[in-house]
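The values are calculated or read from the model by the stated rules, or taken from the named source; none is laboratory data. Predicted model only: the values in this text are computed from it and were never measured. Cβ placement follows ideal geometry from the backbone for every residue including glycine, while neighbour counts extend to all protein chains displayed.
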Amino acid sequence: MEDNKEEIISKNFIEQEIDKDLSEGVYNHVQTRFPPEPNGYLHIGHAKSILLNYGLAKKYGGKFNLRFDDTNPTKEKTEFVESIIEDVKWLGAEFDDRLYFASNYFQEMYDCAVLLIKKGKAFVCDLTAEEIREYKGDFKTPGKESPYRDRSVEENLKMFEEMKDGKYKDGEKVLRAKIDMLSPNINMRDPVIYRVARMTHHNTGDAWCIYPMYDFAHPIEDAIEQITHSICTLEFEDHRPLYDWVVKECEFENPPRQIEFAKLYLTNVVTGKRYIKKLVEDNIVDGWEDPRLVSIAALRRRGYTPESLRMFVDLVGVSKANSSVDYAMLEYCIREDLKLKRPRMMAILDPIRLVIDNYPEDTTEYLDVANNLENPELGERKVPFGKELYIEREDFMEEPIKKYFRLFPGNEVRLMNAYFVTCTRCEKDENGNVTVVHCTYDPETKSGSGFEGRKVKGTIHWVAASTAQKAECRLYENIVDEEKGKLNEDGSLNLNPNSLIVLKNCYVEPSFDGARAYDSFQFVRNGFFCVDCKDSTPEHLVFNRIVSLKSSFKIGK
C-alpha cells in the first residue's frame, strides 16, 4: 500500500487524470500532439510543451503527433515550418510518420460547418468585426443576438457555399456557431468559426478563400487524429467549453479531452514573437537564432543541449499555477550536463605574451594533459609548450592587490600542467600598457615529475604562442537589462547595451583543430563555449560562450 501511495503522489496532475481515464475505460490508448502555429520560431516555453506531450505518450506506450495549426495564412511561412520540424527532432520528440497539417483537413472542417448549419447550430452573419465585438458584450454586460441569427437552414447553406466560392469580399460575411449569447463565458457567445480571407496558403495555395478559426479547427484536428488528451496551456481553460461543444456537435465518437497546465515563464527573457520580430527586423539581433534569444534555435546555436533542456523541464515540473523560473536554473542545467562530458581546454581570451627567458630556444615539448580531471574516461591529450606563451591579461599585475596570487614581479606560480615560473619584469608600450611579461622557470618542477619541494598559491593557464590558433570569442549576456526591468514605460524593450561582447584576438591550443559546428568545450576558468554554427570556419574559429563557470542557482533554492 505504501508503494502505491508513493507512486500516486509522484505523478503530476495530468498523469493522474490519464490514469483515471484509462482505468474507467474512457480511452484504451494515449495519443498526444504538439500543435504549433508556423508563424515564428519556437522558444523555451514550447520546449516544455513538446517534451510534456511527447513524454506522456512515451510513458503510456502511446503515440505523439506533430501537427501544424496552419489555419491563418496571414502570418505563416514555410521557413517557420522547417525550423519547427528541426527543433522538435533536435529535442528528441519522435513523431515518426505522424507529421500533419491542419490545412489537410480543410474539407473535413468545411463538412463539419455544413453539418452544424443543417442542425441549426451555425449561421451566416453580416455584422462587421467591430459590431460583433459590440454585440458580444463583456463580463458585466450580456451579449445581444445578431439580427441574422434566425436565417433559415437553406439560406445559411446557400450563403456559406457562396462564401466558399468567393462571392463575398474579405470580412463581408462570417459563419458563427449558434450557442448562447447570455453565457457567462464570452467564448460561448456565438463565436465566429469561419471567415472570408483571400490569401495564398503555404500548403493549399489558392484552393480556399475561407478559413476556419482556431477554436473551431483545433478540436476537429484533435478528433480526426484520435488524440485522447489535448494538453494545452492555461489561457485555453476558458475555451474548453467551446472545444467540448465543437467535438460533440460535430458528432465525433470518443472525442478528445482538453487538460490545461501552467506556461513556462523565464525571468528577464524575450519570448513574445512581436518583440523578437522587431529585434530581427531592426537588425538588433542576428536573426531568430541569435544566441541572446531563447528560441530553441538560438539556444542550440549558443550550445545548449537537448539533455540540458530536458533536465530543465523536469526541474520546472508541471503545475496548474503560473509562476516565473529564474534563468539561472537553465544555466545550472547546461553546466550539469556538460561538466563531465566535455574536455577542459586552454584558451586565452585577453592575451598578453609571456616569455620564459631561461627556457631553451626553438624547443617544443609535448605535455600530457587530462581532458577532464573529473572524468578520466575522456582520456588525455598532448599539449605543446615552449619559450613563448600567451596568458590572460588579468593573470599579471605589476602592483598586486591584496590576496592576489598570480603573476607579479618576484612571485612564483605554476603554469597549469607545466612548470613553476617566477616573474622577473615586464615590457610596456608607449601608453603604459603591459605587452610582455618575462619570467624564469624551474625545470625540476614539471607537473607529474613527483616534485615535492616548495608550494605556490597560484596556478594559471596558457597557450604556446608558436602553435596557437587565433579565434574569435563572443560573450553573451541577457539581451534585457535585468536591473532596469524588461520594458520601458512606452512598452519597448529595455535592452542591455553589453549583451554581446566580441573578442577577436583570442588564442586557443591546437587541440581545437577540426572543431565543428556545435562542438562544445570547457575553457579553463572562462566558462563553457560552443563552436558557432553560422560564422565559424576551420580557418577562423568562432566560439559562443554558453555559460560562465559560476552559478547562482542551487537545487531547492
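Taken over region 103-126, the residue count meeting the criterion of being buried (at least 18 other Cβ atoms within 10 Å of the Cβ), assigned to a helix (DSSP H, G or I) and not hydroxyl-bearing (Ser, Thr, Tyr) is 6.
Within region 39-50, can one find any residue that is surrounded by fewer than 20 Cβ atoms within 10 Å (Cβ to Cβ), touching a residue at least 40 places away in the same chain (Cβ under 8 Å) and out of contact with any Lys or Arg (no Cβ under 8 Å at 6 or more places or on another chain)? The answer is no, given that none of the residues of region 39-50 is surrounded by fewer than 20 Cβ atoms within 10 Å (Cβ to Cβ), touching a residue at least 40 places away in the same chain (Cβ under 8 Å) and out of contact with any Lys or Arg (no Cβ under 8 Å at 6 or more places or on another chain). Taking the condition assigned to a helix (DSSP H, G or I), within 16 Å of the chain's Cα centre (by Cα), modelled with pLDDT of 95 or more and surrounded by fewer than 21 Cβ atoms within 10 Å (Cβ to Cβ), does Lys58 pass? Considered against the rule, which asks whether it is assigned to a helix (DSSP H, G or I), within 16 Å of the chain's Cα centre (by Cα), modelled with pLDDT of 95 or more and surrounded by fewer than 21 Cβ atoms within 10 Å (Cβ to Cβ), Lys58 comes out as no. For region 221-241, a tally of residues being within 25 Å of Met163 (Cα to Cα) and crowded, with 23+ Cβ neighbours inside 10 Å returns 1. In the set (1) in a strand (DSSP E or B); (2) more than 30 Å from Arg406 (Cα to Cα), Val542 fails one condition alone, (2). Tyr211 passes every criterion in (1) aromatic (Phe, Trp, Tyr); (2) surrounded by fewer than 19 Cβ atoms within 10 Å (Cβ to Cβ); (3) within 41 Å of the chain's Cα centre (by Cα); (4) farther than 16 Å from Asp238 by Cα apart from (2). Counting only strands (runs of 3 or more DSSP E) wholly contained in region 423-514, the ones carrying 1 or more residues that are in contact (Cβ under 8 Å) with a residue 40 or more places away in the chain, in contact with a helix residue (DSSP H, G or I) (Cβ under 8 Å, 6 or more places away or on another chain) and polar (S, T, N, Q) occupy 469-476. Within region 528-544, residues that are over 13 Å from Gly303 (Cα atoms) and modelled with pLDDT of 95 or more have Cβ atoms under 9 Å from residues that are aliphatic (A, V, I, L, M) and assigned to a loop (DSSP other than H, G, I, E, B) in these pairs: Ser536/Ala515; Ser536/Ala517; Leu541/Ala515, counting only partners at least 6 apart in sequence or on another chain. Of all helices (runs of 4 or more DSSP H) completely enclosed by region 284-341, which ones contain at least 2 residues that are touching a Pro at 6+ places or on another chain (Cβ under 7 Å)? Correct list: 296-302.
Of all the numbered requirements in (1) surrounded by 13 or more Cβ atoms within 10 Å (Cβ to Cβ); (2) within 30 Å of His540 (Cβ to Cβ), Asp429 misses one, and that requirement is (1).
Contact map, region 88-114: first residue under 27 Å from Ser295 (Cβ atoms), second residue charged (D, E, K, R), Cβ cut-off under 6 Å, separation 6 or more or different chains; pairs are Tyr100/Arg67; Phe101/Asp70; Ala102/Asp69; Ala102/Asp70; Ala102/Glu221; Ser103/Asp70.
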